[in-house]
Amino acid sequence: MPSLTGHLRRAIAVAASFTLTALGPVVCAAQPAAGGGISDGIVKIGVLTDLSGVSSDNAGKGSVVAATMAIDDFAHDHKVLGAPIELISADSQGKTDTGATIAREWYDRDKVDMITDLTFSNVALAVDRIAEEKKKIALVTGAGSSAISNEQCTAHSVQWMYDTYALANSTSQALLRRGLKSWYFITADYAFGQALEKDASEILTRQGGKVVGSVKHPVNSPDMSSYLLRAQTSGAQVIALANSGTDTLNTVKQASQFNMIQGGKQVFTPLLSLITEVHGMGLKNAQGMILTNGFYWDQDDRSRAFAQRFYAQHKKMPTMMQAAVYSAVFNYLKAIQAAGTDDADTVMAKLKSMKIDDPVIRNGHIRADGKLVHDMLLVQVKTPAESKSAWDLYKILETIPADKAFAPLADSKCALVKR
């Protein structure tokens, strides 16, 4: 497979954008215009990700690898309807203005047809609005705020892998069944963290649980000690982490240093924790944690085959965010092929009519609210004795059907849902 080295760096407004010329045949800018329904004679895909922040290990360059794999798997000549497929990427830096500026540049100047990843919820919500304005497509694979496909849904976006409701619903039910009813939240102070705490709190309250308190911290906080002390003194049975990336990793590591995890009286549960974070925590610290994920590399033969190819290039197993980029790009290209055009409205209609079932997603379909619902996995982190290799981290406790994992469509506040 092609290498990610040799990127051509160029300035794009206030962010650094990377045009992946090193990807060889994937980037085919100097091609004759194709016939048929392909605008500008080229299909251009942008991966707007986190290359330098708290979620760079969860998305970042791994998302670009996944997108490249999807293009290669779709067509070895990297064409759809006779038109070349081009891939570009950029770092949103987790900033709303930066992400929005890049998206506008891509849609207007660079003629990008679809933007994916959108790691942070604040960035995703801004780009979704721009995609709607420009009548382009945004496939959100990294951001989790349930508002993306609920109150702030748009006709040109899909929330592809997970949302805060699906994470909170599955994990909280599992812990409530174990009699763990009092919860305290340590929450990242931005759209995703706030949405995750809100969804989890509402679910807990409905099911007889109780939120005894919460504390919010800035994104990318190196010292979590004061927040952990507040959680410890709350007396809550569960300390729920409504954060992500290195914030989650640092919280668990520091809690372990304070002897709050192993042998402690409180149960830690990261409501969003990806395999790279658990790997970084180490099984000694993370063992026994119950998590919800949309993808695990060792689920079955299809997921293993995909993950092993990804690992050969990235030297890490794919997170559910990175795996979702593969699924989104692959199915987007399938929809163009089936629709006979890259017209955004036509492609979106085709995507919403398709069954989504690939090496990443199981039993998926896109609802009217733009939420891709599919089977989710309730997993438990293995003990060091149970693990047989470096990335053998989870045992699957339960496969949760889509209609049980995600909020019912009847409860949606999306304006696209017919009443």
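The values are calculated or read from the model by the stated rules, or taken from the named source; none is laboratory data. All of these numbers come straight from a predicted model, not from anything done at the bench. Ideal geometry is used to build each Cβ from the backbone, glycine not excepted, and the neighbour counts take in all protein chains shown. Accessible surface is based on the protein model in full, side chains and every heavy atom, while ligands, DNA and RNA are left aside. Shrake-Rupley method; radii C 1.70, N 1.55, O 1.52, S 1.80 Å.
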Note to self: I'd like to know which of GLN380, ALA75, ILE115 lies farthest towards the positive end of the charge dipole of the chain, counting +1 on Cβ of Lys and Arg and -1 on Cβ of Asp and Glu.
What the structure shows: GLN380
Notebook entry, point to check: Taking amide hydrogens as modeled 1.01 Å from N in the peptide plane, which residues meet the under 5 Å criterion relative to LYS413, leaving out close sequence neighbours?
Noted result: GLU151
Check: In terms of the ratio Rg/(2.2 N^0.38 Å) built on C-alpha atoms, what value belongs to segment 99-252?
Finding: 1.17
Margin query: Pick from ARG129, ARG178, ARG304 the residue whose mean-square fluctuation is largest in a GNM of the chain, springs joining Cα atoms under 10 Å.
Written below: ARG178
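Using only C-alpha positions, report the orientation-averaged shadow area of the convex hull of segment 294-419, nm², one decimal. Numbers along the way, then the final one.
Working: hull surface 36.9 nm².
The orientation-averaged projected area of the Cα hull of segment 294-419 comes to 9.2 nm².
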Note to self: Compute, for the chain, the length of the dipole vector about the Cα centre, with Cβ point charges of +1 (Lys, Arg) and -1 (Asp, Glu) only. Units Debye, rounded to 20.
What the structure shows: 840
Next item on the list: Mind pulling up the Rg/Rh value for segment 256-297? Radius of gyration and Kirkwood radius, both on Cα.
Entry: 0.97
Margin query: Before I look further, what does the chain give for accessible area per residue, probe 1.4 Å, in whole square angstrom?
Written below: 36
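Using the structure shown, list the pairs from LYS198/LYS395; LYS134/LYS355; LYS135/LYS418; LYS95/LYS350; LYS316/LYS371 with a Cα-Cα distance above 25 Å, or answer none.
Details: LYS198/LYS395 28 Å; LYS134/LYS355 27 Å; LYS135/LYS418 21 Å; LYS95/LYS350 32 Å; LYS316/LYS371 28 Å.
Among LYS198/LYS395; LYS134/LYS355; LYS135/LYS418; LYS95/LYS350; LYS316/LYS371, the Cα-Cα distance tops 25 Å for LYS198/LYS395; LYS134/LYS355; LYS95/LYS350; LYS316/LYS371.
Report, for the chain, the % of DSSP beta bridges that are antiparallel, rounded to 5. Spell out each step's value before the answer.
On the way: 23 of 59 bridges.
Here the share of antiparallel DSSP bridges comes out near 40 percent.
Before anything else, pin down the relative contact order of segment 165-293: Cα pairs under 8 Å, at least 6 apart, normalised by residue count, whole percent. Write down the numbers at each step before the final one.
Details: 219 pairs, mean separation 35.7, N = 129.
Contact order relative to length: 28 percent.
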Margin query: Run through segment 215-296 and list the trypsin sites (Lys or Arg not before Pro) located in a DSSP loop whose Cβ has at most 16 other Cβ atoms within 10 Å.
Written below: LYS265
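Relative contact order of the chain, please, whole-number percent, based on alpha carbon pairs below 8 angstrom and at least 6 residues apart.
Working: 928 pairs, mean separation 70.4, N = 419.
Once divided by the residue count of the chain, the mean separation gives 17 percent.
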Note to self: Can you tally the net charge around SER412? Count Lys and Arg as +1, Asp and Glu as -1, for every other residue whose Cβ sits under 13 Å from the Cβ of SER412.
What the structure shows: +1
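What does the C-alpha gyration tensor say about the overall shape of segment 165-293? Classify as rounded when a/c is under 1.5, otherwise prolate if a/b is larger than b/c, or oblate. Intermediate results must be reported in sequence, preceding the final value.
Values: a/c = 1.31, a/b = 1.23, b/c = 1.06.
Taking the square roots of the gyration eigenvalues as a ≥ b ≥ c, segment 165-293 is rounded.
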Note to self: To the nearest 20 Debye, how big is the dipole of segment 287-419 about its Cα centre, given +1 on the beta carbon of each Lys and Arg and -1 on that of each Asp and Glu?
What the structure shows: 80
Next item on the list: Please report how far the C-alpha centroid of segment 96-169 lies from that of segment 350-401, rounded to the nearest whole angstrom.
Entry: 21
Next item on the list: Take the solvent-accessible surface of the protein heavy atoms, probe 1.4 Å, and return the percent of it on the chain that carbon and sulfur atoms account for.
Entry: 51
Margin query: Relative contact order of segment 63-188, please, whole-number percent, based on alpha carbon pairs below 8 angstrom and at least 6 residues apart.
Written below: 16
